[in-house]
Amino acid sequence: MLSQEWGTIGIFDSGYGGLTILEKIKTLLPQYDYLYLGDNARAPYGPRSFEVVYQFTRQAVEALFKNGCQLVILACNTASAKALRTLQQRDLPLWDTSRRILGIIRPTAEIIDVVSKTKHVGILGTVGTISSGSYTMEIQKLYSHVVVTGEACPMWVPLVENNEFNAPGADYFVEKHLSNILKKDSLIDTLILGCTHYPLLIHKIKENLSPDITVISQGEYVASSLKDYLFRHPEIDIKLTKNGTCKFLTTESAEKFSEAASIFLHYPIEVERITLK
Ligand code: DGL
């Protein structure tokens with residue numbers, strides 16, 4: 001049974017990275033109520049198989065629906081790449097057709113044609129996101145003339161999670177993947193940070209790149225796409241409560257979550273631990 005009582009917006013990520021998206025959404029749409037869920041006990045999702053990412057994400061979305069969310073954003077590129085379509089097509093009709101699940105790849109793909117002049121675009125992401133080919137598919141569905149090249153950066157998430165993203169050691173891994181992707185396609189003029197953790201590395205990334213290359217951090221685009229979506233779907237918007245609250249759930253320890261979340265947020269938060277199954 002899904003709860004009908006509240007009208008919260010659920011924001012899901014495998015761990016902390018989705019907080020970068022939540023912050024941009026809250027800045028643009030502060031009036032709504034939010035419930036963030038980080039599956040920290042089972043993160044990272046990046047190296048996991050399709051089936052496992054799908055199963056974990058399904059459990060998380062169901063938990064958010066049971067906690068009163070009417071709309072859930074998969075604020076995780078890996079989950080958006082590997083689970084969104086099946087959840088929308090197979091699970092949602094069985095749960096409740098009036099609720100919605102949205103991902104973060106499409107809103108990022110939509111802006112590419114305006115930003116890129118050379119029409120050569122690079123995607124930096126987890127192994128899971130890059131191997132899924134989801135960015136390439138979404139971009140080419142919209143703009144078949146755009147050339148898309150991917151590069152998996154498996155060390156970038158651990159650098160952020162371990163608070164090493166500003167340390168000198170981070171330069172090696174940042175430089176390595178930037179030079180790899182530019183070797184694959186030297187015409188790239190736009191790089192998408194296709195992982196929710198990567199905005200924390202943006203200074204290092206820009207330091208290691210020519211200023212002619214535009215680096216896209218997706219939070220603002222996801223936020224404005226959500227605003228537009230709610231405007232176009234008043235039947236969803238009317239179900240959403242607007243008291244400006246934000247609560248946090250984690251599958252790991254609540255203390256650990258609030259401590260680590262301070263890397264991403266700069267205010268104290270209320271966290272509860274839940275179990276997903
Ligand atoms: N949040 C994930 C993403 O955006 C990265 C972390 C993970 O691998 O779980 O792809």
May I have the pair-distance distribution P(r) for the chain, computed from all Cα-Cα distances with 10 Å bins from 0 and rounded to whole percent?
-> 7, 31, 37, 20, 5, 0
Estimated D of the range 18-64 in µm² per second, where Rh is the Kirkwood radius over Cα pairs and Stokes-Einstein applies at 10 °C, 1.306 mPa s = 130 µm²/s
Around ARG273: net Lys/Arg minus Asp/Glu count, Cβ-Cβ under 15 Å = -2
With r as the distance between the Cβ atoms of VAL114 and LYS247 and R0 = 30 Å, compute the FRET efficiency 1/(1 + (r/R0)^6) and round to 0.05.
-> 0.25
Environment charge at LYS242 (Cβ cut-off 14 Å; Lys +1, Arg +1, Asp -1, Glu -1) = +1
In Hz, Karplus ³J(HN,Hα) per residue of the range 117-127 (6.51, -1.76, 1.60; θ = phi - 60°; x = Gly, Pro) | 8, 6, 6, 10, 10, x, 10, 9, x, 6, 4
Mean Cβ count within 10 Å, highest first, over the residues of peptides 177-187, 220-230, 70-80, 103-113 = 70-80, 103-113, 220-230, 177-187
For LYS117, what is the net charge nearby, where nearby means another residue's Cβ is under 12 Å from its Cβ and Lys, Arg count +1, Asp, Glu -1?
-> -2
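Taking the radius of gyration and the Kirkwood hydrodynamic radius from Cα positions alone, what is the Rg/Rh ratio for the range 77-203, to two decimal places?
Dividing the radius of gyration by the Kirkwood radius yields 1.02.
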Percent RCO, i.e. relative contact order, over the chain, from Cα pairs under 8 Å lying at least 6 residues apart | 26 percent
Likely footprinting exposure, PHE12, PHE257, fewest C-beta neighbours within 10 Å first | PHE257, PHE12
Please report the relative contact order for the range 25-108, taking Cα pairs under 8 Å with a sequence separation of at least 6, and give it as a percent rounded to a whole number.
-> 29 percent
For ILE11, the residues 5 or more places away or on another chain with a placed amide H closer than 5 Å to its own amide H are LEU35, TYR36, LEU37, ILE73
From the cross-link list LYS204/LYS277; LYS119/LYS256; LYS82/LYS247; LYS26/LYS204, the entries with a Cα-Cα span beyond 32 Å are LYS204/LYS277; LYS119/LYS256
Mind listing which GluC sites (Glu not before Pro) in the range 234-277 are in a DSSP loop and have 12 or fewer other Cβ atoms within 10 Å?
-> GLU270
A student asked for the Cα radius of gyration and Dmax of the range 1-116 in angstrom ought to give 13.9, 46
Rounded to one decimal in nm, the spacing of the 7 Å Cα→Cβ label points at TRP95 and GLN55 is 1.8 nm
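Rule-based calculations on the coordinates, nothing more; no lab input. Quantities reported herein were computed from a predicted structural model and do not represent experimental measurements. Note that each Cβ is placed from the backbone with ideal geometry, even for glycine, and that neighbours are counted across all protein chains shown.
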